[in-house]
Amino acid sequence: AGPGEYTSILVSQPAPGVSQITLNRPKALNALNSTLFHELNAALRTLSSDDSTGCVVLTGSDKAFAAGADIKEMKDKQFAEVYKGDFLAHWTELSGFRKPIVAAVSGYALGGGCELAMMCDIILAAPNAVFGQPEINLGVIPGAGGTQRLTHALGKSRAMEIVLTGKNFSAAEAAEWGLVSRVVQEGAVVDEAVKVAGKIAGKGMLAVQAAKEGVNAAYEMSLTNGLHFERRLFHQLFATNDQKIGMNAFANKEKAKWTNS
Ligand code: CAA
């Protein structure tokens, strides 16, 4: 499907350099079915080659960011089918997207919804945001990163308690535990996410992408390898025009005009 044909997401440009994807299955609390995820992947593929997009905001409705994978769609699936088709593998495409994604979470971010938020680079939460991994109540476990990313963010004991009991946690807890960067005033989470995304989109894109790669490497590598990788990324930026532009602008007390080259 192309942008004009999406049925389960909306794509807009709320500010210069910022594209917004809104999950749009309100009646199903944005349950993540295969149509929605294929549209989300298609939209991101388009945005990755769109030079006018520097940062993406991903959001849902006031009531639900996403209430999880679509249970009705998956309930009759058999082992052979999910194994052969590598069910949910297509969800990982989003985590390979190279421009930053800011998640604006209002309402339920449960199961796959919580996992989707955790695939993003920054999470801002509305006061009514509710996070959780309730898969244990369905006879399964998180299947799109919940046991891994939640554990990285919260530590073992909290992650275990949430995954094993299926209990939800609040926006305030998510902020206290470091899962989200902050809780934003009621009604303001999308605007605030667009503001943050706009700030990011105003930077030089080569440095932004390198910074994202560097921070993500902290989750994949030993400290020694991560520091080495970071230093090489840092060195590489000296091959860009933006490094000369940024540092000369500082020295001349001017504002840098990035060229993304
Ligand atoms: N899948 C499919 N449909 C869903 C859904 C989901 N995950 N979550 C909500 N819906 C549907 C409901 O079935 C209902 O549809 P109908 O109007 O046709 O009956 C509609 O959305 C509204 O939901 P409720 O009436 O349940 O709304 P509520 O306000 O009473 O409750 C809720 C909200 C607590 C979020 C409840 O909907 C709920 O518990 N949803 C399921 C949450 C869940 O278990 N998520 C994990 C899914 S598994 C997963 O994600 C696997 C993975 O790791 C990838």
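Here are the numbers for the structure shown:
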{"quantity": "Close pairs from the range 174-185: first in a helix (DSSP H, G or I), partner open to solvent by less than 20 Å² (accessible area, probe 1.4 Å), Cβ under 6 Å, at least 6 apart", "calculated": "A174/A125; A174/F131; A174/V180"}
{"quantity": "Residues of the range 67-83 satisfying the condition of being acidic (D, E) and either within 25 Å of the chain's Cα centre (by Cα) or not in a loop (DSSP other than H, G, I, E, B) (or both)", "calculated": "D70, E73, E81"}
{"quantity": "Verdict on D76 being closer than 17 Å to A31 by Cβ, within 14 Å of the ligand (Cβ to nearest atom) and of a type in the set (D, E, K, R)", "calculated": "yes"}
{"quantity": "Selection count, the range 1-55, where residues are open to solvent by 10 Å² or more (accessible area, probe 1.4 Å), under 22 Å from D70 (Cα atoms) and part of a strand (DSSP E or B)", "calculated": "3"}
{"quantity": "Some residue of the range 110-118 being among the charged types (D, E, K, R) and more than 8 Å from the ligand (Cβ to nearest atom)", "calculated": "no"}
{"quantity": "Verdict on K255 being loosely packed, with under 14 Cβ neighbours inside 10 Å, in contact with a helix residue (DSSP H, G or I) (Cβ under 9 Å, 6 or more places away or on another chain) and over 29 Å from P14 (Cβ atoms)", "calculated": "no"}
{"quantity": "Checklist (1) away from the ligand (no atom under 11 Å from the Cβ); (2) free of Cβ contacts under 8 Å to residues at least 24 places away in the same chain applied to L40, failing item", "calculated": "(2)"}
{"quantity": "Check on P16, farther than 18 Å from Q133 by Cα, within 11 Å of the ligand (Cβ to nearest atom) and not acidic (D, E)", "calculated": "no"}
{"quantity": "Whichever residue in the range 208-252 is in a loop (DSSP other than H, G, I, E, B) and open to solvent by less than 100 Å² (accessible area, probe 1.4 Å) and, among such residues, is nearest to S48 (Cα to Cα)", "calculated": "T240"}
{"quantity": "Filtered residue count, the range 121-140, keeping only those that are open to solvent by less than 50 Å² (accessible area, probe 1.4 Å) and either within 11 Å of the ligand (Cβ to nearest atom) or closer than 16 Å to L29 by Cβ (or both)", "calculated": "8"}
{"quantity": "Set G112, G155, G143: member being small (G, A, S), under 14 Å from G68 (Cβ atoms) and open to solvent by 10 Å² or more (accessible area, probe 1.4 Å)", "calculated": "G143"}
{"quantity": "Matching residues, the range 87-102, being in a loop (DSSP other than H, G, I, E, B) and within 13 Å of the ligand (Cβ to nearest atom)", "calculated": "F87, L88"}
{"quantity": "Residue tally, condition closer than 23 Å to T92 by Cα and in contact (Cβ under 8 Å) with a residue 24 or more places away in the chain, over the range 131-165", "calculated": "19"}
{"quantity": "Single condition R149 does not satisfy, out of (1) more than 15 Å from the chain's Cα centre (by Cα); (2) within 15 Å of the ligand (Cβ to nearest atom); (3) open to solvent by 50 Å² or more (accessible area, probe 1.4 Å)", "calculated": "(1)"}
{"quantity": "The range 158-173: number of residues that are assigned to a loop (DSSP other than H, G, I, E, B) and either aromatic (F, W, Y) or surrounded by 15 or more Cβ atoms within 10 Å (Cβ to Cβ) (or both)", "calculated": "2"}
{"quantity": "Condition check for E73: open to solvent by less than 10 Å² (accessible area, probe 1.4 Å), out of contact with any strand residue (DSSP E or B) (no Cβ under 8 Å at 6 or more places or on another chain) and on the phi < 0 side of the Ramachandran plot", "calculated": "no"}
{"quantity": "Matching residues, the range 186-207, being in a helix (DSSP H, G or I) and among the hydrophobic types (A, V, I, L, M, F, W, C)", "calculated": "V189, V190, A193, V194, V196, A197, I200, A201, M205, L206, A207"}
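The values are calculated or read from the model by the stated rules, or taken from the named source; none is laboratory data. Bear in mind that the values here come from a model prediction, so they are computed numbers and not experimental data. When we count neighbours, we look across all protein chains shown, and the Cβ atoms used for this are built from the backbone with ideal geometry, even at glycine. Side chains are part of the model used for accessible areas, which takes the heavy atoms of the whole protein and leaves out ligands, DNA and RNA. Shrake-Rupley method; radii C 1.70, N 1.55, O 1.52, S 1.80 Å.
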